[in-house]
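The values are calculated or read from the model by the stated rules, or taken from the named source; none is laboratory data. All values derive from a computational prediction rather than experimental measurement. Every residue, glycine among them, receives a Cβ derived from its backbone with ideal geometry; neighbour counts consider all protein chains shown.
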């Protein structure tokens, strides 16, 4: 007789899942459902009542040039900062993995930035990049007017990209280093004995073997650059100058909480959610094909 | 339900206290006061609360800083929706329209009347009272910390160009800035162009020149008011500021760049700034040793009949849904704040001005304005009372005005970065601002401002 370890009734399985389901419902589905409801109504901030407006909130947002500007800014920010954070971390991790002198030190030090809260690091970078007082003041003295994040949108965008990338280099580094160390030494040594140099070994052996990690970090970095950028933008530029750094997540905050336009902000967060979902699907659909899982 | 619960609790407490034969001293009624000031100012508020608590035994106010004005309003709204609102809350000037439509308050004048306090509302400076009163003149909230904008000028620098008086017109300012530049001053005047400076650059300027910011008397007469700053004297003003900026006579100073304009003035880097009288104390405390400076009313264009400037700051609102005992406490607290002696304490320890004539007179008779650190602050009162408020200079009553200020910052930055012309920038400000106003109007269908 065949023996199976199964539960007689499906309800027991559900029962085991209930705590987790409750958590997800309370902290995700319920707020998300509320946001969808708000996005379809006009909410009075003090809770005096609301009016059903259907898709009007979405229509007015999508007809707004400032909103499209905000989407473009978010895309530029996500693209450049993800690229920077991943490439720099990859290089640093590859070097650390080669056991260069003092690599134990880098291993500890490079992890720190991720542990710093976004507003704190934004404050530090605001000082470092201040055109009149910080490090950039020296540069400005040599080339007057070179650096002006107060009026030049590109400079302001560069500031927040630098701050964000700096934080995520640390995060990416941990994963890259772990991935490199999981590669069997024998593979590398064999290639070395066959006479291949450092660069060749990297491209032919290490890089293909860490593609799952690269893919994972790509998804995480892009998602986080849409969400975790808030603290940095709030402290460093507050969305300015002239909306140049008004990223989607910051616009949600300023419209919703400063402007008390809860419905408009809810609609924007629905759009942001859909955008991130779409981006993630695209990544899984087209980039994951090139990933070699072992 | 809560009343029943509270009744039980009171009963239980009563039984307990008789059972333990505690001497019959009733517990003071506690109520919450949330405010938006921080740092030094928060400490002064805490002292104010302590003074109130020490002055009587019936009530105890619990004062909590929420960090800043925006956060105070946001947190109060969240608390109100959850039924846990404070009894008294400090709401900034531009939140007035939002509060008036909220239906979440108890009118201050009614509260005082119900609790037997007689307040002479004509004692408030009209420029201050009208900002917070309804179109019919009823006081829904109590003016609290009040200020207005002044021009700070460096006497030493102006002496170098042979001037002993502050410029009174913008034409003179233009000439003086040029002279200062020629005399070797690198930064004759400092401004900043973020959302915060909407107050002194757009709002105060418009009031002084009796120019509207929006139709319907700046919004007092209806929610269908729309901006019109793109066709008033303000256009000329921005054009001049931009011209002076391009000529190097004006520098932009902000914290993000390294030094804000108050610091730039106090250190002697820049010779002229426009900011709140509330910064008077800061400049005095942080100024360069021996630097001579003074304050003056904001300039106007030649040939303008000067009107009163606008009050800035915040007022105290009493929220609905509280018990009678808490309202009694709130009324006693507001009465305490209204007292001229409190006005003296408040103005001495902050840069804010007294809000009532009796408070001002009391301070004058105490010699407050004769002594060095406070001398000059009376200019703020002169500026606020320069004329009887007109339909336009009594204030601004526009919904979601915080967002309009943000839009002001955005467009000014675009103008100063040469992305758009002055007229284009202001047209966009009006267009985007009107969208905000329209949205506000749609959110409150069929409602009118009291």
Condition check for residue A:122: assigned to a helix (DSSP H, G or I), within 12 Å of chain B (Cβ to nearest Cβ) and either in contact with a helix residue (DSSP H, G or I) (Cβ under 6 Å, 6 or more places away or on another chain) or surrounded by 15 or more Cβ atoms within 10 Å (Cβ to Cβ) (or both)
yes
With respect to residue A:38, determine if the residue is within 14 Å of chain B (Cβ to nearest Cβ), within 19 Å of residue A:252 (Cα to Cα) and at pLDDT below 90.
no
Being at pLDDT 90 or above and out of contact with any helix residue (DSSP H, G or I) (no Cβ under 7 Å at 6 or more places or on another chain): is that true of residue B:2 here?
no
Residues being at the interface with chain B (Cβ under 8 Å from one of its Cβ atoms) and in a loop (DSSP other than H, G, I, E, B) - total across region A:247-268:
3
What's the number of the only condition in (1) in contact (Cβ under 8 Å) with a residue 24 or more places away in the chain; (2) within 30 Å of residue B:83 (Cα to Cα) that residue A:96 fails to meet?
(2)
Mind checking whether some residue in region B:412-432 is facing chain A (nearest Cβ under 9 Å), part of a helix (DSSP H, G or I) and surrounded by fewer than 22 Cβ atoms within 10 Å (Cβ to Cβ)?
yes
Residue, nearest to the chain's Cα centre (by Cα), within region A:42-58, restricted to residues that are more than 7 Å from every other protein chain (Cβ to nearest Cβ) and surrounded by fewer than 21 Cβ atoms within 10 Å (Cβ to Cβ)
A:58
Run residue A:151 past the list (1) more than 25 Å from the chain's Cα centre (by Cα); (2) surrounded by fewer than 19 Cβ atoms within 10 Å (Cβ to Cβ) and report the number of the one that doesn't hold.
(2)
Does region A:101-116 include one or more residues that are within 14 Å of chain B (Cβ to nearest Cβ) and either modelled with pLDDT of 95 or more or on the phi < 0 side of the Ramachandran plot (or both)?
no
If you scan region B:251-280, which residues turn out to be assigned to a strand (DSSP E or B) and within 13 Å of another protein chain (Cβ to nearest Cβ)?
B:251, B:252, B:270
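Yes or no, residue by residue, for (1) outside any helix (DSSP H, G or I); (2) without any contact (Cβ under 8 Å) to a residue 40 or more places away in the chain; (3) surrounded by 15 or more Cβ atoms within 10 Å (Cβ to Cβ):
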site	(1), (2), (3)
A:208	no, no, no
A:217	no, no, yes
A:233	no, no, yes
A:240	yes, no, yes
A:271	no, no, yes
A:282	no, yes, no
